[in-house]
Amino acid sequence: MPAHLLIAEDDRMHAEILRRYLESAGYRTTIVHDGRTALDIVRRVRPDLLLLDVMMPKMDGLELCTAVRRESAVPVLMLTARTSEDDLLLGLDRGADDYLTKPYRPRELLARIKTLLRRAGPADDRDVLRVGPVTIDLARRVVSVAGSDIECTRDEFAILATLAHQPERVFTRAQLLEQTNGYDRDSTERAIDTHMSNLRRKIEPNPRRPALLLTVYGVGYKLAGA
């Protein structure tokens with residue numbers, strides 16, 4: 001069956017042009033025009049790839065990308081008119097897999113889509129992250145270590161899933177906090193240290209000498225990839 005692409009774009013004319021081009025290339029498409037509807041579709045339909053505009057009503061593309069990454073490994077290709085390096089890096093920090101700046105060439109868009117789909121593999125495998133002895137089933141929200149399930153809070157699951165999406169990448173406390181409550185609930189970056197301590201007790205053979213959840217002093221945390 002052709003891959004299903006979700007187009008989240010508030011510019012209706014641009015979205016329609018995208019739909020026609022992608023369907024002529026053999027893909028199935030769904031169009032939404034705001035971030036909240038896009039998140040609902042991701043949860044219910046599980047598309048193969050998300051084409052995501054940054055500027056959208058109700059929930060912008062950066063907020064949507066953060067929300068999607070809490071519960072899905074669907075490839076995200078961000079489409080943006082913003083061209084500064086900081087803006088582009090911010091999108092990648094929120095979990096986007098790739099980005100294109102507008103205007104872009106349709107052939108380049110198609111090439112990026114093919115690359116992301118090939119890298120992601122089958123949809124069923126995409127929702128399960130495996131890093132060393134740790135397995136995270138994003139769809140079922142289950143974490144297991146060496147085959148044994150462990151209980152995680154919502155925030156612990158969000159942090160662990162974020163780290164597992166990019167093993168060996170160092171995340172700052174601020175970046176991890178954005179994956180949990182964000183800054184709108186009186187949260188502090190020190191709350192991340194508490195979550196990490198709890199996670200180590202649950203997944204590390206020796207929490208006092210962690211081998212999986214590693215501290216990078218002065219920066220943040222990472223999940224060891226081996």
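What is the chain's relative contact order, in percent, from Cα pairs under 8 angstrom and six or more apart in sequence?
13 percent
Is there a quick way to get the dipole size of segment 127-223? I mean about its Cα centre, with the Cβ of Lys and Arg at +1 and of Asp and Glu at -1; what is the value in debye to the nearest 20?
320 debye
For a Förster distance of 41 Å, can you work out the FRET efficiency between the beta-carbons of Thr188 and Ser148, rounded to the nearest 0.05?
E(calc), rounded to 0.05, equals 0.80.
Going by Cα centres, segment 60-79 and segment 190-226 are how many Å apart?
Cα centres, segment 60-79 to segment 190-226: 25 Å.
Ignoring everything except DSSP H segments at least 4 long, calculate the 222 nm mean residue ellipticity for the chain; use -39,500 (n - 2.57) per segment, divide by total residues, nearest 500.
Counting only the DSSP helices, I get -12000 deg cm²/dmol.
Dipole of the chain (Lys/Arg Cβ +1, Asp/Glu Cβ -1, origin at the Cα centre): which of Ile203, Leu50, His165 lies farthest to the positive side?
Result: Ile203, furthest along the dipole toward the positive end.
Treating the beta-carbon of each Lys and Arg as +1 and of each Asp and Glu as -1, no other charges, what is the dipole magnitude of the chain about its Cα centre, to the nearest 20 debye?
Roughly 560 debye, rounded to the nearest 20.
If the cut-off is 26 Å between C-alpha atoms, which lysines fall inside it for Lys58, apart from same-chain ones fewer than 8 positions away?
Within reach: Lys102.
I need the semi-axes of the equivalent ellipsoid of segment 135-226: take the C-alpha gyration tensor, multiply each eigenvalue by 5, square-root it, list largest first in whole angstrom.
They are 19, 16, 12 Å, listed largest first.
Between Ala81 and Asp40, what is 0.36 nm times their sequence separation minus the Cα-Cα distance? Round to one decimal in nm.
Working it through step by step, the gained length comes to 12.3 nm.
Mind checking the full-extension length gain between Ser24 and Asp60? Use 0.36 nm per residue of separation minus the Cα-Cα distance, one decimal, nm.
10.1 nm
So what's Rg/Rh here for the chain, counting alpha carbon atoms and using the Kirkwood radius for Rh?
Checking Rg against Rh, the ratio lands at 0.98.
Please work out how much length the chain gains when fully extended from Ala174 to Ala224, using 0.36 nm per residue of separation minus the C-alpha to C-alpha distance, in nm with one decimal.
This chain segment gains 16.0 nm when fully extended.
What residue among Arg69, Arg173, Arg20 has the largest mean-square fluctuation in a Gaussian network model of the chain, using Cα springs under 10 Å?
So, out of Arg69, Arg173, Arg20, the one fluctuating most is Arg20.
Expressed in whole Å with the largest first, what are the equivalent ellipsoid semi-axes of segment 4-124 derived from the C-alpha gyration tensor as the square root of 5 times each eigenvalue?
18, 17, 15
Just for the chain, what percent of DSSP beta bridges are antiparallel, to the closest 5?
Taking every DSSP beta bridge within the chain, about 50 percent pair in antiparallel fashion.
Using a Gaussian network model of the chain whose springs link C-alpha atoms within less than 10 Å, name the residue from His33, His14, His195 with the highest mean-square fluctuation.
In this elastic network of the chain, the residue with the biggest mean-square fluctuation among His33, His14, His195 is His14.
Where a number appears in this text, it was derived from the coordinates with a stated rule and is not lab data. Remember, predicted model here, so these are calculated numbers, not experimental data. Neighbour counts are summed over all protein chains in view; Cβ atoms, including those assigned to glycine, are modelled from backbone coordinates with ideal geometry.
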